[in-house]
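*Asks:* Provided herewith is a single structure, encoded as structure tokens, for subsequent inquiry.
Read the figures in this text as sums done on the coordinates, not as results from a lab. Please read these numbers as outputs of a predicted model, since none were measured by experiment. Positions of Cβ are backbone-derived with ideal geometry, glycine not excepted, and every protein chain shown enters the neighbour counts.
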Amino acid sequence: MHNEELNTKIAQLELELAQKDREIARFRDIDQLTGLRNMRLLNERISEFGRKAALVADLSRFGTINAVYGTKVADYTLRQVAAILLYNLPSNADLYRFAGDEFVYLFDNPEENQVERFAQQLLGFAAQSAIIYEEIEIRIVFTIGAAYGNGDDQLLGYAMIALQEAKAMGANRFAVYTPEMETFKRQKSNLYWIPRVRQAIENEAIESWYQPIVDNISGKTERYECLARLRDEFGSVIDPYLFLEAAEISGILTAITKSMITQSFSYFEGKESHFSINITDSDFQEGYLEDMLSFRLKKHGLKASQVTLEIVESVRGMTMGSHIIQLTRLKEMGFLIAADDFGVEHSNFARLLAIDLDFIKIDKAFICNLTSDLRSEMIVRNLVKFAQSIGAKTIAEYVSTREIYEKARELGVDYSQGFFFGKPRRLIEESDGE
């Protein structure tokens, strides 16, 4: 082959390689479904020097669209949403597909309050828009979180915190990050507690404390709730509201439940007392309850009827088939079942009918205001009637005064639990000293 021919061949190969490199780069940097820039490019741009703002637009109810209409319609919806977002693209911003149903506008040198004004504009535009696929009409609703920064690697994280705050307010809302946001405070708290909870479990520093539950007719203590406490390296006792979320995030919530089961069964060995243990969704998912509880009954000579398993009412155990099967088997073994924190958030009367409940614990939101709020009184009265209709007893949580106790008795609540009768104690023989 002559030199001229060889040089031509080499030049052609170089052109083909350059074209391939451009195709690879495009595949690497572009989201293949929507044609938008992808997360890799976003992460590069976000750390560049200069004042920036990130706005995360989350497509509300996308999971429902996917479940009801299928992947084809869902993908079509995402492409159309990308087109809507591009139509509204500010001159000083780029648009990226972040993940799933989330899109990010990255602003360069944003004007004062530009992001707030744009978020309102985008929500208004979306409210007037709809995506049509054949005969299906899909309304577009966004929830938006945003943050300002200056070459800050945490800019996107702050925008996501704001998005969670906006979601807490409901769809079609937006929020701009501030350090005072509750989501940010919780995240900081969890970062602090995650290693400490792990260490506490390793050092067996999670303790079972016991709070009395009183019969409203006799006024006598008939049972106890076992409550987790963490003893830190300085000997201080930490309430669970500070560390339980951290335990759940780090995947060690079941280790706490197992410790509570072990300690409480050992503590009540040889006693006739009745006691309750809190069971989480994670415990059902891990599927160890039947074996562990059966082993502990035999080891400590207790009756299953002495033990109540308190299920947080909003957990999937109230609806998932596998959880219902476990609950049914536990009932057949003789354990009692209570629905905890009933009356708030995801409470659903129909859901409870799937379970043969022994107790319904009425949430503190209604008990704390029972003597001053007619709405709380009405709700408690109706919950008592519902419990009676399904053969379950009611327990009022957070009973802090005699007035609340007397009102709960008047409304027909069967049991009371709260500081009026006693704080949680390491040993049930201890006195409150008050």
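*Asks:* Need one number: nm distance between label points at E286 and R426, each 7 Å from Cα along Cα→Cβ, rounded to one decimal.
*Replies:* Placing both labels 7 Å beyond Cα along the Cβ direction yields 2.5 nm.
*Asks:* What spacing in nm lies between the two simple spin-label points modelled at A83 and S389, each 7 Å away from Cα in the Cβ direction?
*Replies:* Taking the two extended label points, one gets 5.0 nm.
*Asks:* Okay, next question. Per 0.36 nm of contour for each residue apart, how much would the distance between F125 and V68 grow if the chain were fully extended, relative to their Cα-Cα spacing? Before the final figure, lay out the partial values.
*Replies:* On the way: separation 57, 0.36 × 57 = 20.52 nm, distance 2.50 nm.
Gain on stretching F125 to V68: 18.0 nm.
*Asks:* To continue, here is another question. Cα centroids of region 361-426 and region 83-132: how far apart, whole angstrom?
*Replies:* 48
*Asks:* Normalised by the number of residues in region 187-416, what is the relative contact order in percent for Cα pairs under 8 Å and 6+ residues apart?
*Replies:* 15
*Asks:* For every helix of n ≥ 4 consecutive DSSP H residues, a contribution of -39,500 (n - 2.57) applies; sum these over the chain, divide by its total residues, and give [θ] at 222 nm rounded to the nearest 500 deg cm²/dmol.
*Replies:* That comes out to -14000 deg cm²/dmol.
*Asks:* Hey, got the dipole for region 62-120? About the Cα centre, +1 on K and R Cβ, -1 on D and E Cβ, debye to the nearest 20?
*Replies:* Using only the charged Cβ atoms, the result is roughly 380 debye.
*Asks:* Among all helices in the chain defined by DSSP H, which have a length of 18 Å or more along the axis from Cα atoms plus a Kyte-Doolittle mean of at least 1.6?
*Replies:* Span-like helices in the chain: none at all.
*Asks:* List the residues, sorted by chain then number, that are 5 or more residues from F174 or on another chain and whose placed amide H is less than 5 Å from its amide H.
*Replies:* I144
*Asks:* List every residue whose amide H lies under 5 Å from the amide H of F98, counting only residues 5 or more places away in sequence or on a different chain, with H placed 1.01 Å from N in the peptide plane.
*Replies:* So F98 has HN proximity to F103, V104.
*Asks:* Related question: On a full-extension model of 0.36 nm per residue, what is the gain between N109 and D29, subtracting their alpha-carbon distance, rounded to one decimal in nm?
*Replies:* Full-extension gain reported as 26.5 nm.
*Asks:* Estimate the FRET efficiency between R139 and K298 by the formula 1/(1 + (r/R0)^6), using the beta-carbon distance for r and 51 Å for R0, to the nearest 0.05.
*Replies:* 0.35
*Asks:* Put +1 on the Cβ of every Lys and Arg and -1 on every Asp and Glu Cβ in the chain; which of V81, S322, G391 then has its Cα farthest towards the positive end of the dipole?
*Replies:* G391
*Asks:* Report, in debye and to the nearest 20, how large the dipole of the chain comes out about its Cα centre when Lys and Arg carry +1 and Asp and Glu carry -1 on their Cβ.
*Replies:* In debye, rounded to 20, the chain gives about 660.
*Asks:* For V237 paired with E182, estimate the spin-label separation in nm (one decimal), with each label point 7 Å from Cα along the Cα-to-Cβ line.
*Replies:* Distance between the two pseudo-spin positions: 2.8 nm.
*Asks:* Antiparallel as a % of all DSSP beta bridges within region 187-416, to the nearest 5?
*Replies:* Values: 13 of 36 bridges.
Roughly 35 percent of the beta bridges in region 187-416 run antiparallel, per DSSP.
*Asks:* With a Förster radius of 60 Å, plug the Cβ-Cβ distance of I325 and Q154 into 1/(1 + (r/R0)^6) and report the FRET value to the nearest 0.05. Could the numbers behind the result be given before it?
*Replies:* Working: r = 44 Å, r/R0 = 0.73.
In this case the efficiency is close to 0.85.
*Asks:* Ranking request for peptides 356-364, 240-248: highest mean number of other beta-carbon atoms within 10 Å first, then the rest in descending order.
*Replies:* Answer by packing, highest mean first, reads 356-364, 240-248.
*Asks:* Using only the Cα atoms of region 31-178, what semi-axes does the equivalent ellipsoid have when each is the square root of 5 times a gyration tensor eigenvalue? Give whole Å, largest first.
*Replies:* Working: eigenvalues 129, 51, 36 Å².
Rounded to whole Å, the semi-axes are 25, 16, 13.
*Asks:* Additional query: List S236, S47, S282 from most exposed to least, where exposure is judged by having the fewest other Cβ atoms within 10 Å. Before the final figure, lay out each step's value.
*Replies:* Details: S236 8, S47 14, S282 17.
Placing the least packed residue first, the sequence is S236, S47, S282.
*Asks:* Using a Förster distance of 35 Å, how high is the FRET efficiency between A168 and M333, based on the Cβ-Cβ distance and rounded to 0.05? Numbers along the way, then the final one.
*Replies:* Details: r = 39 Å, r/R0 = 1.12.
Computed FRET efficiency for A168 and M333: 0.35.
*Asks:* What percent does the relative contact order of the chain come to when contacts are Cα pairs within less than 8 Å and at least six residues apart?
*Replies:* 10
*Asks:* Right, something else. What's the extension gain from R198 to R402 if we count 0.36 nm per residue and subtract their Cα-Cα distance?
*Replies:* 69.5 nm
*Asks:* Okay, next question. Evaluate the relative contact order of region 29-161 (contact order divided by residue number), counting alpha-carbon pairs under 8 angstrom at least 6 apart; express in whole percent.
*Replies:* Averaging sequence separation for qualifying contacts and normalising by length gives 37 percent for region 29-161.
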